[in-house]
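Novice: There's a structure below that I have some questions on.
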């Protein structure tokens with residue numbers, strides 16, 4: 001029962017803030033990073049976000065702040081939680097180091113280049 005309540009709270013909070021975060025994701029990179037860091041000074045990934053890099057353990061909002069949005073998302077939900085694969089579109093001009101991102105329960109667990 002606690003797991004269900006916990007997941008409900010997490011999903012609700014992510015839905016409430018995801019629109020604002022993905023709007024931020026469409027800004028130019030320097031402005032996007034600066035706005036995110038100004039509104040989230042407590043993040044332990046400040047240096048990575050400023051450089052436009054990723055780090056394992058980032059949440060999805062930190063990832064969007066660091067490298068932007070416009071991903072195709074493949075999501076699997078089960079009793080174990082939520083797994084997502086974010087895929088960079090083939091026609092994207094963005095950095096290919098991060099072509100595939102992997103999340104477990106909204107936390108970055110890995111990435112793959114093309």
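Novice: Among the residues of segment 19-37, are any at pLDDT 95 or above, surrounded by fewer than 11 Cβ atoms within 10 Å (Cβ to Cβ) and under 24 Å from residue 100 (Cβ atoms)?
Specialist: No, there is no match, as no residue in segment 19-37 is at pLDDT 95 or above, surrounded by fewer than 11 Cβ atoms within 10 Å (Cβ to Cβ) and under 24 Å from residue 100 (Cβ atoms).
Novice: Taking interchain pairs and intrachain pairs at least six residues apart, which have beta carbon atoms under 6 angstrom, with the first residue in segment 68-96 and closer than 18 Å to residue 58 by Cα and the second surrounded by 13 or more Cβ atoms within 10 Å (Cβ to Cβ) and at pLDDT below 80?
Specialist: What qualifies is 68/25; 69/22; 69/25.
Novice: Against the condition modelled with pLDDT of 65 or more and buried (at least 16 other Cβ atoms within 10 Å of the Cβ), how does residue 74 come out, does it pass?
Specialist: No, not satisfied.
Novice: Separate question: Go through the residues of segment 94-104 one by one and say whether even a single one is surrounded by fewer than 14 Cβ atoms within 10 Å (Cβ to Cβ), modelled with pLDDT of 95 or more and more than 10 Å from the chain's Cα centre (by Cα).
Specialist: yes
The values are calculated or read from the model by the stated rules, or taken from the named source; none is laboratory data. Predicted, not measured: the structure shown is a model, and the values here were computed from it. Backbone-built Cβ (ideal geometry, glycine too); neighbour counts: all protein chains shown.
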